[in-house]
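Accompanying notes for the structure given below.
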Amino acid sequence: MTNVWNNPNGHEKRLHRHEGGNGTAGDALPGGGARSGGESLRTEPGGADGTPLLSVENLAVSFRTARGTSRAVDGVSFSIRPREIYALVGESGCGKSSTAQAVMGLLSETNAPGRRITGTIRFGERNLLALPDRELSAVRGSHIGMIFQNPLDSLNPLYTAGYQTCEAVLLDGLAKASAMRRVLELFRGVRLADPEQKLRSYPHELSGGMRQRVMIAMMLARHPKLLIADEPTTALDVSIQAQILDLMLELRRSFNMAMLLITHDFGIVSETADRVGVMYAGKLVEENEVFALFDAPRHPYTRMLMRALPRGTKQGGRLESIPGTLPDPTEPYRGCLFFERCPLRVERCATEEPLLRRLGETHRVACWRAEEEEQP
Ligand SMILES: Nc1ncnc2c1ncn2[C@@H]1O[C@H](COP(=O)(O)OP(=O)(O)OP(=O)(O)O)[C@@H](O)[C@H]1O
Ligand code: SF4
Ligand SMILES: [Mg+2]
């Protein structure tokens with residue numbers, strides 16, 4: 001069976017689905033529903049003309065707190081190409097969500113009083129941080145979509161899933177009857193079983209996986225070029241996680257969407273991402289293509305994170321904690337922020353901050369000892 005998606009330009013996107021499938025995302029995958037990780041979904045380096053879709057330069061986000069100014073994001077630069085899945089990983093509190101929220105424009109003075117944001121967030125030609133609120137809302141509403149760990153927080157408990165998705169669809173200027181048909185089409189596309197009935201369901205009547213599918217449908221209604229997914233499967237059972245990830249990969253292919261994927265889970269990273277940025281204490285400390293990073297991590301923090309994975313799951317598994325804690329983000333610092341926890345530290349690390357620098361064509365690392373082949 002073939003589902004037909006209509007994009008805003010009237011083009012058709014086709015999702016192939018096997019006859020007799022029960023509506024799971026796995027059924028929708030080409031090649032008999034096998035997991036899609038590591039297969040041909042990975043993008044070629046560079047977009048068609050090598051231009052990034054999103055380019056974040058020297059982003060800094062801080063919050064005013066009772067204890068002083070807290071650095072959440074501290075000089076982060078990365079870019080995402082069209083259709084690329086870029087994963088941000090790192091321990092809790094290292095600044096992943098703050099980065100995503102800054103890109104999404106969610107850190108307004110009203111949402112986050114006392115926050116300070118500097119740097120550049122270029123989406124296509126425009127610097128989002130320099131746009132007036134109305135223009136920013138327009139870019140956000142029509143080009144960037146976001147899904148979160150807990151879809152219940154984003155869904156209105158008082159309205160049915162169909163009504164809420166219809167609101168998003170109506171922004172396209174469709175008539176009500178066409179809009180409801182479009183919602184049904186979206187619900188089918190995100191593999192919601194019995195979609196007609198789901199139109200009439202309230203959020204509390206849906207399972208976690210179903211709610212996340214509704215959120216994805218609402219997001220797709222706006223035809224985004226970039227999807228930001230902040231721990232989109234963390235709250236779900238493992239089997240449902242796999243279905244949602246497969247769905248996201250399939251949608252990336254069908255809609256030519258790029259993704260900024262935030263996760264603690266290296267299994268998810270290895271199965272979905274093209275490139276990975278590792279964050280520590282508000283900074284990007286290592287970046288590489290996903291397989292290259294797994295094969296040869298050069299920052300001691302990345303190596304420790306990988307060593308901390310359960311045995312036999314080098315390319316999968318949840319990120320476990322490593323000894324020590326993040327430095328206090330309100331305290332001034334000198335040298336390398338990983339110093340206290342680093343088994344490789346040398347004198348220089350205490351006083352000179354290692355900046356992110358290129359080690360290879362795709363590889364950037366912020367560590368004085370990154371070149372040393374034989375790291376203890
Ligand atoms: N609104 C806020 N006000 C004050 N501090 C904040 C605010 N939002 C985030 N922070 C702080 O910024 C730092 C980064 O938080 P952030 O939520 O970005 O981390 P994270 O990597 O997404 O963590 P997690 O994996 O737990 O979601 C933390 O020290 C956090 O306490
Ligand atoms: S710069 Fe020094 S302290 Fe920092 S990660 Fe590298 S070796 Fe460790
Ligand atoms: Mg977070």
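The values are calculated or read from the model by the stated rules, or taken from the named source; none is laboratory data. Here the structure is a predicted model, which means the values were calculated and not measured. Methodologically, a virtual Cβ is constructed for each residue, glycine included, from the backbone with ideal geometry; neighbour enumeration extends over all protein chains shown.
Residues that are away from ligand 2 (no atom under 11 Å from the Cβ) and modelled with pLDDT of 90 or more number at least 3 in the following helices (runs of 4 or more DSSP H) confined to the range 266-350: 290-295. The residues of the range 74-90 that are more than 15 Å from ligand 1 (Cβ to nearest atom) and of a type in the set (Val, Ile, Thr), listed by number, are 80, 85.
May I ask you to verify whether residue 218 is within 30 Å of residue 118 (Cα to Cα), surrounded by 21 or more Cβ atoms within 10 Å (Cβ to Cβ) and touching a residue at least 12 places away in the same chain (Cβ under 8 Å)? No; evaluated as a whole, the condition is false for this residue.
Restricting to the range 111-123, give me the number of residues that are in a loop (DSSP other than H, G, I, E, B) and surrounded by 15 or more Cβ atoms within 10 Å (Cβ to Cβ). So the answer is 2. All conditions but one from (1) small (Gly, Ala, Ser); (2) under 20 Å from residue 275 (Cα atoms); (3) within 16 Å of ligand 3 (Cβ to nearest atom) apply to residue 79; the one that does not is (3). Output the residue which, of all residues in the range 91-105 that are more than 6 Å from ligand 1 (Cβ to nearest atom) and not in a helix (DSSP H, G or I), is surrounded by the fewest Cβ atoms within 10 Å (Cβ to Cβ). For the range 91-105, the residue satisfying everything is 91.
Among the residues making up the range 227-243, those that are buried (at least 22 other Cβ atoms within 10 Å of the Cβ) and aliphatic (A, V, I, L, M) are 227, 228, 229.
Taking the criterion of being touching a helix residue (DSSP H, G or I) at 6+ places or on another chain (Cβ under 7 Å) and either on the phi > 0 side of the Ramachandran plot or not in a helix (DSSP H, G or I) (or both), the residues of the range 172-200 that qualify are 174, 190, 191, 192, 200.
Among the residues of the range 356-376, those that are assigned to a loop (DSSP other than H, G, I, E, B) and more than 10 Å from ligand 2 (Cβ to nearest atom) comprise 356, 359, 360, 361, 362, 363, 371, 373, 374, 376. Apart from one condition, residue 73 fits all of (1) assigned to a loop (DSSP other than H, G, I, E, B); (2) buried (at least 21 other Cβ atoms within 10 Å of the Cβ); (3) at pLDDT 70 or above; the exception is (1). For residue 129, indicate whether it is more than 16 Å from ligand 3 (Cβ to nearest atom), without any contact (Cβ under 8 Å) to a residue 40 or more places away in the chain and outside any loop (DSSP other than H, G, I, E, B). Spelling it out, residue 129 is indeed more than 16 Å from ligand 3 (Cβ to nearest atom), without any contact (Cβ under 8 Å) to a residue 40 or more places away in the chain and outside any loop (DSSP other than H, G, I, E, B). Within the range 88-117, residues that are within 17 Å of residue 149 (Cα to Cα) sit with their Cβ atoms under 8 Å from residues that are acidic (Asp, Glu) and within 16 Å of ligand 2 (Cβ to nearest atom), at 6+ positions apart or across chains, in these pairs: 95/74. Taken over the range 327-338, the criterion of being closer than 17 Å to residue 355 by Cα, surrounded by fewer than 16 Cβ atoms within 10 Å (Cβ to Cβ) and either β-branched (Val, Ile, Thr) or away from ligand 1 (no atom under 16 Å from the Cβ) (or both) is satisfied by 334 alone. When the residues of the range 46-73 are filtered to those that are of a type in the set (Val, Ile, Thr) and within 17 Å of residue 117 (Cβ to Cβ), the one that is farthest from ligand 1 (Cβ to nearest atom) is 56. Just give me the residues in the range 206-234 being of a type in the set (A, V, I, L, M), within 17 Å of the chain's Cα centre (by Cα) and either under 25 Å from residue 95 (Cα atoms) or part of a loop (DSSP other than H, G, I, E, B) (or both), in sequence order. Scanning the range 206-234 gives 215, 216, 219, 226, 227, 228, 229. Determine if the range 155-162 includes at least one residue that is closer than 20 Å to residue 255 by Cα and away from ligand 1 (no atom under 16 Å from the Cβ). No: the range 155-162 contains no residue that is closer than 20 Å to residue 255 by Cα and away from ligand 1 (no atom under 16 Å from the Cβ).
Rundown of residues vs (1) under 22 Å from residue 186 (Cβ atoms); (2) in contact with a strand residue (DSSP E or B) (Cβ under 9 Å, 6 or more places away or on another chain); (3) assigned to a helix (DSSP H, G or I), yes/no style:
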| position | (1), (2), (3) |
| --- | --- |
| 236 | yes, no, no |
| 241 | yes, yes, yes |
| 251 | yes, yes, yes |
| 261 | yes, yes, no |
